[in-house]
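Heads up: the structure comes next, in C-alpha cells.
We did not get these values from a lab; they are worked out from the coordinates using the rules stated. Keep in mind it's a predicted model, so treat the numbers as computed, not measured. Neighbour counts are summed over all protein chains in view; Cβ atoms, including those assigned to glycine, are modelled from backbone coordinates with ideal geometry.
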DNA sequence: AAGCCCATCCGAA
DNA sequence: TTCGGATGGGCTT
C-alpha cells in the first residue's frame with residue numbers, strides 16, 4: 001500500500017507519496033492529473049490511497065522545505081526502491097551540498113563507476129524523490145543544464161535559487 | 001541472450 | 001556548431 005498527498009507549492013503542484021518504510025516519491029508538475037498518472041506508472045503493481053495533506057506524516061515537512069529551503073534537508077525516512085547500482089548513485093547524490101553542482105562524469109566517479117557516465121545519468125532520471133534527493137544539482141560537463149524529470153525549467157529555478165555567489 | 005533506450009562525453013570536421 | 005562512436009545499466013522480447 002502506498003499513500004500520497006497533493007497540494008500547491010512555489011514550484012507548482014506537489015505530490016508526496018510514502019510506504020510503510022518512508023517517502024517513496026516526491027513529484028512536481030503543473031497539474032494534479034500529471035502527478036497521479038506518473039505515480040500510477042511508477043507503482044503500477046501497488047494499491048494507492050489518497051490522504052488529506054493535513055493527515056500526512058510527511059507532506060507538511062516536505063512542503064515547508066520547498067517553500068523555505070534550509071541548509072540541510074529534513075531528516076525523513078526515504079524508501080528508495082531501485083537496483084543496487086541505482087541506490088549507489090542516489091546515495092552519491094545526497095552528498096552534494098546546496099549551491100554545489102557536479103557533472104554527470106564527476107558523479108560517476110563519486111559513485112565508483114567512472115566510465116558508466118550515461119548509466120549514471122539514467123539512474124538520476126530514475127530517481128523518484130525530487131529535491132530531497134538532489135538530482136537537480138547534476139549538470140552536463142559543458143555547463144548546460146541537462147535533463148530533469150520534472151521539467152528543465154524547474155531544474156534551472158532550483159539551481160538559481162540555490163546559487164550562493166551569482167557571477168557578474 | 002539480444003536488442004533498444006537514454007537527463008553523457010569527447011574528439012574531429 | 002554538428003556528428004558519430006564509446007559507453008553501461010535497465011527493461012522488454
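Tabulated results
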item	result
Residues A:81, A:1, A:6 arranged by fewest to most Cβ contacts within 10 Å	A:1, A:81, A:6
nm² value of the averaged projected area, convex hull over the Cα atoms of the stretch A:23-100	6.5
A:8, A:103 arranged by Cβ crowding within 10 Å, fewest neighbours leading	A:8, A:103
Approximate shape of the stretch A:2-67 as ellipsoid semi-axes (Cα gyration tensor, √5λ), whole Å, largest first	17, 14, 9
Hydrodynamic radius of chain A per Kirkwood, over alpha carbon pairs, in Å	16.4
Centroid-to-centroid separation of the stretch A:12-32 and the stretch A:106-168 [C-alpha atoms, Å]	19
Choice from A:44, A:17, A:130 showing the highest fluctuation, given a GNM over chain A with Cα pairs closer than 10 Å	A:44
Sorted by Cβ density within 10 Å, fewest first, the residues A:65, A:59	A:65, A:59
In degrees, nearest ten, helix A:152-162 long axis to first principal axis of chain A (Cα)	80
Rule-of-thumb Rg ratio for the stretch A:84-163 [Cα; 2.2 N^0.38 Å; N residues]	0.97
